[in-house]
1. Among the numbered conditions (1) of a type in the set (S, T, N, Q); (2) over 20 Å from Met1 (Cα atoms); (3) part of a loop (DSSP other than H, G, I, E, B), tell me where Asn217 comes up short.
2. Of the residues Ile203, Ile218, Ile227, only one is within 12 Å of the ligand (Cβ to nearest atom), touching a residue at least 24 places away in the same chain (Cβ under 8 Å) and farther than 17 Å from Ile17 by Cβ; which?
3. Tell me which of these Leu79 doesn't satisfy, since it passes every other one: (1) in contact with a helix residue (DSSP H, G or I) (Cβ under 8 Å, 6 or more places away or on another chain); (2) not assigned by TED's automatic domain parsing to the domain that holds Thr145.
4. Hey, Ser42 hits all of (1) surrounded by fewer than 14 Cβ atoms within 10 Å (Cβ to Cβ); (2) under 30 Å from Leu167 (Cα atoms) but one; which does it fall short on?
5. Suppose the filter is at pLDDT 95 or above, surrounded by 14 or more Cβ atoms within 10 Å (Cβ to Cβ) and small (Gly, Ala, Ser); does Ala49 pass it?
6. Return the only residue of Leu65, Leu24 being in the same structural domain as Thr129 (by TED's automatic domain parsing) and not charged (D, E, K, R).
7. Which of the residues that make up the stretch 31-60 are charged (D, E, K, R), assigned to a helix (DSSP H, G or I) and without any contact (Cβ under 8 Å) to a residue 12 or more places away in the chain?
8. Which count do you get for residues in the stretch 151-194 that are surrounded by fewer than 13 Cβ atoms within 10 Å (Cβ to Cβ), more than 16 Å from the ligand (Cβ to nearest atom) and hydroxyl-bearing (Ser, Thr, Tyr)?
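The values are calculated or read from the model by the stated rules, or taken from the named source; none is laboratory data. The model shown is predicted, which means the values in this text are computed figures rather than measured ones. Cβ placement follows ideal geometry from the backbone for every residue including glycine, while neighbour counts extend to all protein chains displayed.
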Amino acid sequence: MSLPEQLHRLQQIDCDIRKRQQELDEVVGRLADDRALATAESELQSTRAQMEELRGRQKTLEWELQDLNEKARQTNAKLFGGTTRNPKELVNLEKEAVMLKGQIGRKEDSLLGLMDEVEELEARLEAITEEHRCLKEEWDVRQQTLGQKKGEIEAELEGLVQTRSGLAGQIDSQALTLYERIRMTRELAVAKVERGRCQGCHITVPTSQWQKSKAGNIVQCGSCNRILCSE
Ligand SMILES: [Zn+2]
């Protein structure tokens, strides 16, 4: 390989390294992107908390209802048990029984309403749990696939970097420095000459120039400054 050809080969390796590095960055980004799962998780948690709160309210209502029923039972026992004879007291007991009946009715209505809410939320919780399970499964599969892909790209990159350093070690250091300097401002530092034209800027290269390049000398395009590589 002539010197310009070596630099051209180096450039191909550098392009491959850049491409692989971009792929790696993308894979790493996708591996870390847990937004969908995190959203589903927080929704699941908040729905569970809501459920707990509703169940707590249901328990309280049930206890209150139990108390009211017990009170009503005691009042009715006094009212109809024959132990109370005092008419005024009987009237009061009757009033209390009516009041308790009203309270029990309202409490029962609230409890029924709450049970409807619980049922609705239960259905939602089930759907959210299922959705979360699917997402988690997808996430696990994706982590595995992407993790594998990451390993493959990393191995490829390692190989490319090794090849590059082997090749760079063989290239004249002045030419290598020039290559690196041009690469700081241009994506490609080496341009092929085809049908007499620089493939970097498409300007015609003087015959003497590309012949010099063909002979293995470092020649830069007069227009774009790239190192010319003539076959
Ligand atoms: Zn050029």
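1. That leaves (2) as the condition not met.
2. Answer to the selection: Ile227.
3. (2)
4. Just one mismatch for Ser42, condition (2).
5. Against the criterion (at pLDDT 95 or above, surrounded by 14 or more Cβ atoms within 10 Å (Cβ to Cβ) and small (Gly, Ala, Ser)), Ala49 does not qualify.
6. Just one listed residue meets the conditions, Leu65.
7. Matches in the stretch 31-60: Arg35, Glu52, Glu53, Lys59.
8. 3
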